[in-house]
Amino acid sequence: MKESFREMRSETYSPEYIARWRWSIVTLFAVIAVILLGFFIDAVSSPSTGEAVMIFLFLFCIAGSLAGWLAYEMIRNKDEKISGLLINHQGILFLNRNDKVLSAIKYYDLVKSDNPYTKDIFSESRASGKYSDFRKNLYVYEKDENQKSKKKLVSLDVIPLKNRYDLIGHFLKGIQAFRPDLKIDPEVYKDFYLDEKTLRYAPQNLKSDMKVKIVTIAVVIMVILAFRYFFLDEV
């Protein structure tokens, strides 16, 4: 079984491209923070409500913190950073630039859910509320220090990936091969745009989902701008 299960490595972009992309994100958040700071100063200097002042201050703190954290992640020790993923008969291995294993999610460390009504492998959003299904993540169960079943996030978003969904599909294929006792929620295939038979990424399943997300983002941006330029100007 081990010999017949092929390895799959992460496909990513060139280091130079990734560096430019990451610094672009840092710059974007820094610019957003500056803009929000300007909105905050305007709100403080105008007879606006205290609620508006707190909103802009809160958003400024978030954007500034993200910019600072991303910049720190860019300059910290590269040997401690994940630069590649490998999925083989063991599970998911997170590797540094020298192919040293930094961490792993192994098939035989996975356990069944304590809840008989919950699948052992499932997807859900980190967020909650109206937009809870905006971005789904894969979850499994492992034992905690008390030997109890504990939900664990399978995060592949540690590096920019070209083949994220294929990697998820290959990991699920490994679970089917090495841990057939674990039950996979059928919604997982839908949430990660996988063909249920081959467990390969099916791009056509992504197109309609992306349209909904783009419209949602546009609506959120319009609401923020409307709040800034209409409600504050009336105060």
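In table form, for the structure just shown:
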read-out	value
In region 183-230, the residues that are under 27 Å from residue 166 (Cβ atoms) and at pLDDT below 70	205, 206, 207, 208, 209, 210, 211, 212, 213
Qualifying position, being surrounded by 11 or more Cβ atoms within 10 Å (Cβ to Cβ), aliphatic (A, V, I, L, M) and at pLDDT 95 or above, among 82, 159, 168	168
Flag if residue 27 is closer than 30 Å to residue 175 by Cα and modelled with pLDDT of 80 or more	no
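Yes or no, residue by residue, for (1) of a type in the set (Ser, Thr, Tyr); (2) part of a helix (DSSP H, G or I); (3) at pLDDT 80 or above:
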residue	(1), (2), (3)
1	no, no, no
11	no, no, yes
19	no, yes, no
41	no, yes, no
47	no, no, no
53	no, yes, no
63	no, yes, yes
72	yes, yes, no
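The values are calculated or read from the model by the stated rules, or taken from the named source; none is laboratory data. Since the model is a prediction, treat every value here as computed from it, not as a measurement. Because the Cβ atoms are built from the backbone with ideal geometry, glycine has one as well, and the counts that use them run over all protein chains shown.
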